[in-house]
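Trainee: I'd like to ask you about the structure that follows.
The values are calculated or read from the model by the stated rules, or taken from the named source; none is laboratory data. Note that the structure is a prediction, hence the values are computed from the model and not measured. Cβ placement follows ideal geometry from the backbone for every residue including glycine, while neighbour counts extend to all protein chains displayed. These accessible areas exclude ligands, DNA and RNA; they are computed on the full protein's heavy atoms, side chains included. Shrake-Rupley method; radii C 1.70, N 1.55, O 1.52, S 1.80 Å.
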Amino acid sequence: MNLSSDYPIGTPGQKWGGKERAQWLAAQVVQRSYQEEVLAKLLPLERKFKLHHYGALSFDQDRYPLWAATTRQWQDGAPVALITGGVHGYETSGVQGALRFLQTSATDFEDRFNLIVTPCISPWGYETINRWNPGAIDPNRSFVTNSDAEESAAVMRFVRSRNTKITVHIDLHETTDTDNSEFRPALSARDNVEHAIWDIPDGFYLVGDTDNPVAEFQAHIIEAVSQVTHIAPADEHGKIIGEPIEQHGVINYATKALGLCTGFSDCLYGTTTEVYPDSPLVDDENCILAQVAAVTSGLEYVAGKLVD
């Protein structure tokens, strides 16, 4: 299937230039409020956590400030847990799951971890329900040196400014039907590269790191999340989104080589969650609870290992 030839922006057989990127940006529409749905939930938590205004998007600095929360009583020498959400702004439960974790469960771990939580790394993407940033760049392929995505660059600078080793990093994502209907066709058109359409997996799954798979950690999270929502089965080829199954509900990517968020932190334990919000078996609340279960079970597992 030629995805790029059917996309309304660009010329088949040619990569996008500045004109096409501007056309794409002009077509994007604000559909929800970062202020009302994210900041209004995060900023009142300043009594529980130390809040950090670590930057703002140049697209509109007043509208898109960047915020993180950390443990208020930072303990020198304690293991550090990094929870990231909203790398892809359209993946709603990643953002809302990080916020819900802060609201309900995070303080339960403050005696065992120093926490760093960035609930919405891509606020413009959140408001416009987009995978890309305003420059038509994917932040989750941009966690690299001299990144072209300011969302990725800003959070990397902030985390590194903490001058601490990251023990566990859990990045909260979704896989949606629009991955096939919008974002993969747009990617094909932008880059003039054909991308295969794959079956969108119906259920929760994890993406580990090929170079550091920590399989037992992944299995522990899958077991915990299975008590909240269903786990995605492999397709007829034994794959999920085109990748071979490493174990039930888990595939692996080369996170550093691909510039993925969990690759930049050099963590000992890392995973990327993937929730399927378009499944008839779930609703918004179930997706949020699945994200929280992934975070809490992952932290419990690592805490136990550190004690051992």
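Trainee: Quick check on residue 202: is it closer than 23 Å to residue 129 by Cα and not in a loop (DSSP other than H, G, I, E, B)?
Mentor: Answer is no for this residue.
Trainee: Same structure, new question: Just one of 107, 145 is open to solvent by 10 Å² or more (accessible area, probe 1.4 Å), in contact with a Lys or Arg (Cβ under 7 Å, 6 or more places away or on another chain) and either in a helix (DSSP H, G or I) or more than 23 Å from residue 71 (Cβ to Cβ) (or both); which is it?
Mentor: 107
Trainee: Taking residue 223 and the conditions (1) under 23 Å from residue 292 (Cα atoms); (2) open to solvent by less than 40 Å² (accessible area, probe 1.4 Å), which numbered condition does it fall short on, given that it satisfies the others?
Mentor: Result: residue 223 fails condition (2) only.
Trainee: Residues 128, 84: which one is of a type in the set (Ser, Thr, Tyr), within 17 Å of residue 187 (Cβ to Cβ) and open to solvent by less than 10 Å² (accessible area, probe 1.4 Å)?
Mentor: 128
Trainee: For segment 9-22, state whether one or more residues are at pLDDT 95 or above, in a strand (DSSP E or B) and farther than 18 Å from residue 129 by Cα.
Mentor: No.
Trainee: Looking for whichever is of a type in the set (A, V, I, L, M), touching a residue at least 60 places away in the same chain (Cβ under 8 Å) and in contact with a Lys or Arg (Cβ under 9 Å, 6 or more places away or on another chain) here; the options are 206, 281, 268. Which one fits?
Mentor: Going through 206, 281, 268 in turn, just one is of a type in the set (A, V, I, L, M), touching a residue at least 60 places away in the same chain (Cβ under 8 Å) and in contact with a Lys or Arg (Cβ under 9 Å, 6 or more places away or on another chain): 268.
Trainee: If you take the residues of segment 277-291 that are among the aliphatic types (A, V, I, L, M) and farther than 15 Å from residue 101 by Cα, which of them is farthest from the chain's Cα centre (by Cα)?
Mentor: Of everything passing the filter in segment 277-291, 281 is farthest from the chain's Cα centre (by Cα).
Trainee: Determine whether segment 94-104 contains at least one residue that is modelled with pLDDT of 95 or more and outside any helix (DSSP H, G or I).
Mentor: no
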